Amino acid sequence: MPLLQIHAITAFPVFIILSREFVIMAMRVMSAKNGLIVPARFSGKLKTGLTLPVCGILLARIPVPVSPHIPLLLQPLHSVILWVSHWPGWAFEGLIWSMVAVTLWSLIDYLKDYVWNQALHKAHGREDKAKQRLKMWIPNTITMLNLLCGVFASIYAFNGNFHLAVLLVILGTLLDALDGRLARKLDAFSKFGAKLDSKADYTNFGIAPAVVIFCLLSTHFEWYVGFIVGAVYYASVHYRLVRFDKGGHSHYFEGLPSPVGAGLVVLAAISGYLSQPAIFIPIVIGLAALMASRISYLHLDIFGRKKFAKFLSIPTVTFLTLTILHLLKLDIATNIYAYEMLFLVVSMYVVAAPFFKKYSPQ
């Protein structure tokens, strides 16, 4: 903190280092309540051994008035201070960020040890059950990120930042596909994960697009027009998800999948052509009707095995990448109709999926 006060170091590295100390302190307290001890790690000792000398070196970074009468005993130290004060800025920054890197390594090291001990404690010492509990954290963490994407997408949409809102909805859609696959691959299903996934779907595929609809249409009409259209869309998503929760997993979706509907809505909202009210409102109403309908849509994983889907995979990945680059406002994606093309490619699933023959495991 004194180094920060005299401007020998910036605030961000100090924030990381102090946060690490508070996190480990909290872990030790929580472990002590369960009768567990978090032992000192080599990485923690290395962190301390590196931090103290670096702090001393940084004290010589700031020039200070020097007394003309320096005791003979302190002359060597004075020479070292003069030498260090002439180091280039990159040398100090290298030491600082090396210290931060070791600090983060020690934090991860302690966290790994803490999480494993907690899981082992809750599993009553059974390592197999502890490993299974830890596996559940992987898809659940991705689901939590999906939920946060929906929350922040709604906030950005309310603030008029549609680019970031749409980007977060699209990222949430990708995360939603990833967490289910990981849960199945790791056999890491849990009631908590299922409830969390449901909340994430309501937020990212229902609330966030509804907010985008409301904010977009409010720029053209009275506020209640956007509210009504957004409410109709959210009601269809809510109905669709409730029906899905009751029906469970199968090879077919009953009604258009909500991630597909959400993706098409936000792509239309960000498009310069499809966002025109005369086009956008019918798109929203049509997608809402498809989600509330009982039309059978082949599951996306199974649909991806069809020749038609394989034909679409290259343009889908291409235009998805361009869309993300465009939303990030990178020059590489300028003057490319990525939104409209991705909308067209995804729409092919909407049109084609109900017409495929019944899926057979054979």
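Readers should treat all values here as calculations from the given coordinates under stated rules, not as data from a laboratory. Just so you know, these numbers come straight off a predicted model, no measurement behind them. Here the Cβ is made from the backbone with ideal geometry for all residues, glycine too, and neighbour counts use every protein chain on show.
Just a few scattered comments:
- Modelled FRET efficiency - R0 45 Å, SER218 with SER79, Cβ distances, 0.05 increments: 0.05
- Between SER198 and THR321, the modelled labels are 3.9 nm apart [label points 7 Å from Cα along Cα→Cβ].
- Counting neighbouring Cβ atoms within 10 Å and putting the fewest first, the residues THR10, THR203, THR143, THR51 line up as THR10, THR51, THR203, THR143.
- Entries of LYS112/LYS246; LYS47/LYS191; LYS129/LYS195 with Cα pairs more than 30 Å apart: LYS112/LYS246; LYS47/LYS191
- Sites LEU145 and TYR273 - FRET efficiency at Förster radius 41 Å, r taken between beta-carbons, to 0.05: 0.85
- Counted by neighbouring Cβ atoms within 10 Å, the residues ASP128, ASP113, ASP179, ASP201 run from fewest to most as ASP128, ASP113, ASP179, ASP201.
- Distance between modelled label sites at LEU111 and GLU254, nm, 7 Å Cα→Cβ extension: 4.1 nm
- Lys, Arg +1 and Asp, Glu -1 on Cβ, resulting dipole of region 2-122 about Cα centre, debye, nearest 20: 400 debye
- Exposure proxy shown here: for TRP137, TRP83, the number of other Cβ atoms within 10 Å sets the order, fewest to most, as TRP83, TRP137.
- Database remark: amide H of SER296 closer than 5 angstrom to the amide H of GLY255 (H placed geometrically; neighbours at sequence offset of 5 or more, or on other chains; Pro and chain starts carry no H).
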